[in-house]
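Structure first, then comments.
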Amino acid sequence: MRSVTDQTEAGEILSAPLIIEYPFKRTTGPIIGAFLTGLREQVFVGSKAEDGRVIVPPAEFDPVSGNDLTELVEVGSEGVITTWAWVTKPHAKHPLDDPFAWILVQLDGADTPMLGALKAGGIDAVATGARVKPVWAHEREGHIDDIAHWVLVDAEGEAA
Amino acid sequence: MPEISLPASLQGVEAVRSVRTPAQLDYTFTAGDATTRFLKGITQKKIIGQQATPDSRVYVPPRGADPELGATTPIEVEVAQVGTVTSFCVVNLQFYGSGMEIPYTSALILLDGADLSIMHLIQEIPADQVRIGMRVEAVWRDDADIEPTLESIKWFRPTGEPDDVNVRIPGEKRGTGLGSWVGGVAPTELVVRNPRTGLGGTVADGGEG
């Protein structure tokens, strides 16, 4: 059976949703592994650099000399916002459904900031220098998602 | 590995050693004209290839163009629902997202009338009995479950016909190894040894076996 068609004869072109997922798991090594172990245990750890600075999340190598860093220390579980960006329309893969702020938070005792998602009432509630603390996930497994999100802490130390 | 010193809070607790990092691509696949026509044929339980001219290669599944001629493929040709296994792979590892019971066989099948193999499953035969040259036929889903997807063909199964010992890989001048010794004539070109039967080989290595 042969029939000659023109190239538009198909009529309505078919389309369908397609999801490709690679279920990767990767090994952490002892340094990142310790950081993730800390999240599961609700503590933050950083690595002590050769110049005495505390790097959070911990680095495996000294940023100046490149030598191995082997001393992990616990830092505080509250910190201050060093910079932030408000997300007006979160997309499906963002950690929060409502508008939120990406923040860099420098924990007490740390010398570098780390990224987090801040749940706040609105853009006006967020400010550089504001104190924040983590809200932990109920079920923790040693993953960055063990921090559900961050919230502002008011002057009395209570969550705003 | 250097010795790591941990803070007191992490001493004696089980260390995390691995982490989930799935990567997901979530999008809409648009079939385009050629594949749409092919898939609409599938909904009528027809396997329809396309060719550029009445004498040129028949592509199944079609992609709308003949890459040898650089021409569009406006001619539709219904090909047979029986064909020959040109290559296969026995899958012995369960992997994420697969509902198949292992071991199972994934094969390239050259349908009669086509010049390009399609990839599909071989079932209704033990995996270790699948072979190059084996004749197979399409097994469709129930009519009510036919959809515009190649999964409307559940799998291919042996027809029981004699093997096609002359099957060639489409587009390749070389044989698959099976037919190379038919009639006792030694191959004069490089052939591929069939792993199951041991047939094939090259003149240089002494031939069969």
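General observations
- Taking the numbered list (1) within 7 Å of chain B (Cβ to nearest Cβ); (2) hydrophobic (A, V, I, L, M, F, W, C); (3) not in a loop (DSSP other than H, G, I, E, B) in turn, residue A:80 passes all entries but (1).
- In segment B:75-132, the residues that are within 21 Å of residue B:50 (Cβ to Cβ), out of contact with any Ser or Thr (no Cβ under 8 Å at 6 or more places or on another chain), in a strand (DSSP E or B) and of a type in the set (S, T, N, Q): B:84
- The residue of segment B:81-98 that is farthest from residue B:23 (Cα to Cα), among those that are within 13 Å of chain A (Cβ to nearest Cβ) and of a type outside the set (S, T, N, Q), is B:95.
- Among the residues making up segment A:23-46, a single one is crowded, with 18+ Cβ neighbours inside 10 Å and over 18 Å from the mean Cα position of the chain (by Cα): A:30.
- Note on segment A:6-18: residues that are at the interface with chain B (Cβ under 7 Å from one of its Cβ atoms), modelled with pLDDT of 65 or more and either surrounded by 10 or more Cβ atoms within 10 Å (Cβ to Cβ) or out of contact with any Phe, Trp or Tyr (no Cβ under 8 Å at 6 or more places or on another chain) (or both) total 5.
- Comparison of B:147, B:101, B:151, B:78 shows that the only residue that is closer than 30 Å to residue A:24 by Cα, of a type in the set (Asp, Glu) and within 14 Å of another protein chain (Cβ to nearest Cβ) is B:151.
- Top-ranked residue of segment B:50-94 - restricted to ones that are in contact (Cβ under 8 Å) with a residue 24 or more places away in the chain and among the charged types (D, E, K, R), ranked as surrounded by the fewest Cβ atoms within 10 Å (Cβ to Cβ): B:63
- Within segment B:1-49, considering residues that are in a strand (DSSP E or B) and either crowded, with 17+ Cβ neighbours inside 10 Å or under 20 Å from the mean Cα position of the chain (by Cα) (or both), the one nearest to the other protein chains (Cβ to nearest Cβ): B:19
The values are calculated or read from the model by the stated rules, or taken from the named source; none is laboratory data. What you see is a predicted model; the values in this text were computed from it and never measured. Here the Cβ is made from the backbone with ideal geometry for all residues, glycine too, and neighbour counts use every protein chain on show.
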